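Laboratory data are not the source of any read-out in this text; all were calculated from the coordinates shown. Here the structure is a predicted model, which means the values were calculated and not measured. Methodologically, a virtual Cβ is constructed for each residue, glycine included, from the backbone with ideal geometry; neighbour enumeration extends over all protein chains shown.
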Amino acid sequence: MRLSACFGVSLEIIEPCGFPLTSKALRRTAMDYGAPDTLIRHKSWDNFVKSESNTKNRLVLLTTKAAQPITDFTFTKHDTLLFGRESAGVPDEVHAHANARLYIPIAHGARSFNLVSSASIALFEGLRQTGGLP
């Protein structure tokens, strides 16, 4: 939530997610930044897909199972960045639905970044490429 607030972008959460979404947990997570102006909760992957079907957004999945590095990808303003759980990633149906699958290059032998680090890197690069940085 803090990342979304700092960059002025919306945040969509697809349930079930890997962290609690109670009012208390949301206040703690958002800290003094508050919830993003557009925090959208989807009760399931199917609900998310239905909401996206009316837009022109590309779904860009960040995953350790991708073949294309983020450094070789051209973002557009109509991209939706998608991240899975740190422990399990995303199901196969999500991989199949993504328009692009990217990975963030890391040192040999390292497994992955945590979720917020990956989201920070990908969001910054997407905003940088599209002229959307604050």
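Close amide H pairs (under 5 Å, H built 1.01 Å from N) link residue 14 with 42, residues at least 5 positions away or on another chain. Principal axis analysis of the Cα atoms in region 56-134 yields extents of 33, 28, 20 Å, listed in decreasing size.
Segment residue 96..residue 40, full-extension length gain: 17.9 nm, with 0.36 nm per residue of separation and the alpha-carbon distance subtracted.
Electrostatic bookkeeping for residue 116 treats Lys and Arg as +1 and Asp and Glu as -1; over the other residues with beta carbon under 14 Å from its beta carbon, the sum is +1.
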